[in-house]
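Working notes, structure below.
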Amino acid sequence: MAITNFRSTIWHAELLGNFHQNTFVLPTLNHDYEGDIKNGGEAVKITGFTSPTIGSYAGTITTQALTDSTQSLLINQKDYFSFQVDNVDRVQAAGSFDPITRDAAAGLADSAENYVLSQLLANGTSAGTTAVTTPSLAFTAVMNIRTALVKAKVPTSERYLVVNPDAAAFLMGEASKLLPADSSGSDNTLRNGVIGRLLGFAAVIESPSTTIANTAKPCFIGYHGPSVAYADQIINTRSVVMENAFADQIAGLHVYGAKVLRATAVQTYVSL
């Protein structure tokens, strides 16, 4: 039988859950294009237009011909889980294996969040790389990100700052300038990840994602949520009887993609 740890006399129906990072960043992104992948498409074409030129009126006007451009949001990331549950084990467990499935789903979300942060780092604009070794320098790094966003005319609403634990430690220090987290807005999906507000960012989010947490140096990413597209779909979850064993196979497939739509709307500061 496959589940060798379940051999005690009395089996408890609940399983001990594993630790997962919460998906703090995914809820803040642009999900407008998710409906376009429900039919199995592997790319979403996003059309943009040039902004109209503003002229000074002096009796005549010049009509501008707008031009368009397209970007592709590739749904090219595919993660899955698949595990075997022996029929005998299922009976002995005296309960459901749904907790394992939920644990696997949380693992899929972890992977997606890691990918999104890697895209922000790779396709954003650097606002600096000077070593951050003090709370004051951490504050300066955030100020540099804010200044860069302002100069890029990024809207003040829906700006977020995600930091790794090393950066958060400086921002939450004794001389912290963070505003209380309970004033971080009404989006309850973010509450658990928010450590406060700072310099106009709607929320400062501490992320344990391996993408930024394992840098071992302070990492800051300021971004405008609507300027980062994210789309995903659970293609299939299934529980089927295995042909060559007295067991069930439980599996799921998650496809997703993310794209920075405006590079200047994502500003990064990774300490040297």
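Taking amide H positions as placed 1.01 Å from N in the peptide plane, with prolines and chain starts having none, which residues 5 or more places from THR125, or on another chain, fall under 5 Å of its amide H?
VAL266, GLN267, THR268
Let's test the formula: R0 of 51 Å, r as the Cβ-Cβ distance of ALA263 and ASP98. What FRET efficiency results, to the nearest 0.05? Walk me through the numbers on the way to the answer.
On the way: r = 42 Å, r/R0 = 0.82.
After rounding to 0.05, the efficiency reads 0.75.
Can you pull the one-decimal nm distance between simple spin-label points at TYR57 and ALA122, each 7 Å off the Cα toward Cβ?
Roughly 4.9 nm, to one decimal.
So if I take the alpha carbon set of region 213-272, get Rg, then get Rh from the Kirkwood formula, what is the Rg over Rh ratio?
Values: Rg = 19.9 Å, Rh = 15.4 Å.
So for region 213-272, dividing Rg by the Kirkwood Rh gives 1.29.
For region 134-272, what's the relative contact order in percent, using C-alpha pairs closer than 8 Å and at least 6 residues apart? Walk me through the numbers before you get to the answer.
Working: 247 pairs, mean separation 38.8, N = 139.
Relative contact order of region 134-272: 28 percent.
Mind sorting ASP110, ASP98 by how few other Cβ atoms lie within 10 Å of their own Cβ, fewest first?
Numbers: ASP110 19, ASP98 10.
In increasing order of surrounding Cβ atoms, one gets ASP98, ASP110.
Compute the length gained on full extension between LYS153 and ASN236: take 0.36 nm times their separation in residues and subtract their Cα-Cα distance, giving the result in nm to one decimal.
Numbers: separation 83, 0.36 × 83 = 29.88 nm, distance 4.12 nm.
In short, 25.8 nm is gained.
Rounded to whole Å and ordered largest first, report the semi-axes of the equivalent ellipsoid of region 26-270 derived from its Cα gyration tensor (root of 5λ).
Working: eigenvalues 311, 152, 40 Å².
Semi-axes from the Cα gyration tensor: 39, 28, 14 Å.
At a 10 Å Cβ-Cβ cut-off, how would you order HIS254, HIS31, fewest neighbours first? Mind showing how you got there, number by number?
On the way: HIS254 22, HIS31 15.
Ascending Cβ contact count within 10 Å gives the list HIS31, HIS254.
Taking neighbour Cβ counts within 10 Å as the exposure measure, how do ARG238, ARG262 sort from fewest upward? Can you show the working numbers first?
On the way: ARG238 11, ARG262 18.
The order, fewest Cβ neighbours first, is ARG238, ARG262.
Just so you know, all these numbers are worked out from the coordinates, no wet-lab data involved. Note that the structure is a prediction, hence the values are computed from the model and not measured. Quick reminder, even Gly has a Cβ in these numbers, built from the backbone with ideal geometry, and neighbours come from all protein chains shown.
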